[in-house]
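S.K.: The following block contains the structure, expressed as structure tokens.
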Amino acid sequence: MRIALFATCIVDAMYPEVAQATVRVLRRLGHEVIFPEGQSCCGQMHINSGKFAQAEPVIANHVRAFTDTEWDVAVAPSASCVASLGHQQPMVARRMGNDALASEAADVADRTYELTQFLTDVEGVTDAAADLGSYFPHRVTYHPSCHGMRLLRLGDRQSSLVRSVEGIDFVELPLADSCCGFGGTFSVKNPEVSSAMLADKVRTIQATNADVCTGGDASCLLHIGGGISRFERTGSFDGAPDVTAVHVKETSSTDAQGHTTEKLTTVVGADDDHHLTPGEQGTSPVEPSRSQSGFRVGQAAVHLARILASTKEDPLRVPGEGAEVSGGSLR
């Protein structure tokens, strides 16, 4: 199959290794991968800000880039951008009175898949170790992005593939379906709210004691990675509202096959007296200590494409093995 890589602007500019990992995974399945020249932003940033007139030429550029060459399907390592292609681009083009562009945009969107969508729905990949040779013997937790959950309805496609990587120690992320607070331009326009949401997310990640937090959107991982880095430098979230003390309880269960699954549950807020200072029980939460929050130096964020691309012959290293962490993200 001839696959067009839609790299997305944030991956191209900030995380080119994610695009490279995506190409390796697709080629491992025997596909030809091409990179349509001229591709850039999908226009989501403009659209989310209500700038439809400014978004129209950006949409036109994307359509032109992906119709100037022949391909069977397009694949992107981003649920957010793939969702924008189908959910936003045709709508904006119609709103601007450009029905021809709307039709072309819809056609491109209909043939564009998020990476794990393609792997599971088109290729039938269910076991990353067996089908892709994926190997990553480290403790990993997973954050599902909002667009992947609520617009693409990916369900457990991403987490199931990550779980099936050989050697992986997968641990559920408490309150996983809560937004990380990025939201694209939301984090710029509402920095205080965004930071508070990020504080919640990073506290739960720290509590898992995982080596890395993975996910399918580089934008969310950029935000989360920055939060991890900030917390590890200071041990706190300066300026974040003191309303999110987190207590984590770990339980385990064994299924019929004898496999043991760890499960973390959290209590957030002032109702759990374990989080309150003496004399203040039942009144207000306090910043969790490093031991309460599962503080772990060297935690990092990494896109799931890089975990799927990791093999025994060419493994992705973690900070404990000397890998570089920049801004909380594994490089």
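The values are calculated or read from the model by the stated rules, or taken from the named source; none is laboratory data. None of these values were measured; they are calculated from a predicted model. Here Cβ is always computed from backbone atoms with ideal geometry, including for glycine, and neighbour counts include all displayed protein chains. Heavy atoms of the whole protein, side chains included, go into the accessibility calculation; ligands, DNA and RNA do not. Shrake-Rupley method; radii C 1.70, N 1.55, O 1.52, S 1.80 Å.
S.K.: Taking a probe of 1.4 angstrom, what is the accessible area of Lys189 in Å², to the nearest 10?
M.R.: Roughly 120 Å² of Lys189 is accessible to a 1.4 Å probe.
S.K.: Give me the distance in nm between label points sitting 7 Å out from Cα along the Cα-to-Cβ direction at Met14 and Asp68, one decimal.
M.R.: Rounded to a tenth, the inter-label distance reads 2.7 nm.
S.K.: For the stretch 44-93, what class follows from the C-alpha gyration tensor (a ≥ b ≥ c being the square roots of its eigenvalues): rounded when a/c is under 1.5, otherwise prolate if a/b is larger than b/c, else oblate?
M.R.: Oblate.
S.K.: Something else now. Got a number for carbon plus sulfur as a percent of the stretch 23-148's accessible area, 1.4 Å probe?
M.R.: Result for the stretch 23-148: 46 percent of the exposed heavy-atom area is carbon or sulfur.
S.K.: On to the next question. What dipole magnitude, in Debye to the nearest 20, does the stretch 65-142 give about its Cα centre under +1 on Lys/Arg Cβ and -1 on Asp/Glu Cβ?
M.R.: 440 debye
S.K.: Another question, if that's okay. Among Met14, Gly86, Ile34, whose Cα lies farthest out toward the positive end of the dipole of the stretch 2-120, if unit charges sit on the beta carbon of Lys, Arg (+1) and Asp, Glu (-1)?
M.R.: Ranked along the dipole, the leading option is Met14.
S.K.: Between Arg95 and Asn48, what is the label-point separation in nm under the 7 Å Cα-to-beta-carbon projection?
M.R.: Between Asn48 and Arg95, the simple spin-label model gives 1.5 nm.
S.K.: Same structure, new question: Consider a paramagnetic label point 7 Å from the Cα of Glu313 along Cα→Cβ; state which residues of the stretch 30-67 have an amide N under 14 Å from it.
M.R.: Within reach of a label on Glu313: 30.
S.K.: Rounded to the nearest 20 debye, what is the charge dipole size of the stretch 2-120 about its Cα centre when +1 sits on each Lys and Arg Cβ and -1 on each Asp and Glu Cβ?
M.R.: 240 debye
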